[in-house]
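The values are calculated or read from the model by the stated rules, or taken from the named source; none is laboratory data. Remember, it's a predicted structure, so these values are computed and weren't measured experimentally. Note that we place each Cβ from the backbone using ideal geometry, even for glycine, and neighbour counts take in every protein chain shown. For accessibility, only protein heavy atoms count, side chains too; no ligands or nucleic acids. Shrake-Rupley method; radii C 1.70, N 1.55, O 1.52, S 1.80 Å.
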Amino acid sequence: MRRAVKALFLAPIVLLNACAFGDPPPPVAGQPPDLPTPDTDPELQSSTVVAPAASEVDQPSDIDFLPDGTAVFIERETGTVWSIGYQDDNSTAEPEEVLHLDDVNAEGSGGLLAVAVSPEFDDDGTVYLYYSTDEDNRVVAWEWESDEQPEPILTGISHGSQLNGGALEFGPEGLLWVGTGDADYLSEAQDPDKLGGKLLRITTSGEAAEGNPDPDSPVYSLGHRNIRAIAFRDGDPEPVVLESSPNLDDYVNQVRKDGNYGWPRLVEEFNSDEYLEPIAIRESQVGECAGATFIGDMLVTACQRGQRLWLADIDSAGEELTDAAELFMNEFGQLHALAMGDDGLLWAGTYNRGDQCDSSMGCYPNEEDDRILRISLPGYTSGIGLT
């Protein structure tokens, strides 16, 4: 029998602390910017409010929302989709299991990795998922609360024990963006005929979207190692993506059409005339982030190894991050999933029950892990349910 997942109705917690594809070109001097040194804002930390929405879940890898505000979250290893609704007093209801996928392969970094609710959900009732099977990574469409297994719309994305990517996000044009990894096949990231190491842009039936660099290909940009999050800023039809480097540093990339982001060449070897450099690099000990969203022009990311939220403003050209801040350092352990809810609050998932939670990095699961959290950031979020 499926284990129970416990919803929490406790009073909110106020935090007081809160080999390569061909030969690479000769190295060209170029030093992409590091993420600015973050500040610890005592006023922001002391006024931040966190309310637990659920506990005893298992490695939540992504979160999205139905039009009525119901949260949808997925578990990487179990291949299960859950929903969290609301009670009359605006507290969260007991999570409900809505789908278990039969063919998920959760070896290594694989599994059920991303979820995106259709922007036309009221008409089509469809939820999209990205997950690993024994043969590939794929995108599937599922009719909400259907008894049937999902229908594949894009298959053949390379699958490996690591670097499976796993990001889905609908853009402002209603098209589905898919972030993949090279699955340790280094040549794929530079091969336009392969889907690994790419940012893909497709229709809801899985076809190449109109306006892609090659009208017959879903590839929008290439040279990515392992895209783990996609986020759109108001007014920009192209997203920012997060991906990891070989040293587990994070690259923050502003994607542009037909851009080549250089992998498998090291960042120090980027030829700025041919490859687009990251707008920021976050060091490994505070990074390995796998969730992102925008609040206005502020990029918010949830970090596993860093065990914190990072917040940084992005300039209008998408070329620089400034005014960085951090929250929840080692408060909740590893953070992974992140989304802005229709309730005006940030939702985040802890990620402490998997084998990536390493005590040498200060990650210690407690009896409530893993959890889904709702977060109010005064001056940034608009939610009114947390006091």
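What to note about this one:
- Total formal charge among the other residues, if their Cβ is under 12 angstrom from that of Asp64, Lys/Arg +1 and Asp/Glu -1: -3
- Oblate is the label for segment 231-343, because the ratio a/c of its alpha-carbon gyration tensor axes (a ≥ b ≥ c) is 1.5 or higher and a/b is not greater than b/c.
- Each label was represented as a point 7 Å from its Cα along the Cα-to-Cβ direction; for Asp216 and Ile295 these points are 4.7 nm apart.
- Segment 283-360-segment 226-261 distance, computed between alpha-carbon centres (Å): 14
- Overall form of segment 158-251 per C-alpha gyration tensor (a/c, 1.5; a/b vs b/c): oblate
- Shape of segment 96-243, Cα gyration tensor, a/c cut at 1.5: oblate
- Calculated FRET value between Thr203 and Glu320, using beta carbons and R₀ = 41 Å, to 0.05: 0.80
- Accessible area per residue for segment 131-207 is 40 Å², calculated with a 1.4 Å probe on protein heavy atoms, without ligands, DNA or RNA.
- Accessible area (Å², 1.4 Å probe, nearest 10) - Trp310: 10
- Within the accessible area of segment 122-248 (1.4 Å probe), percent carbon and sulfur: 37
- Residue-normalised convex hull volume from the C-alpha trace of segment 291-387: 108 Å³ per residue.
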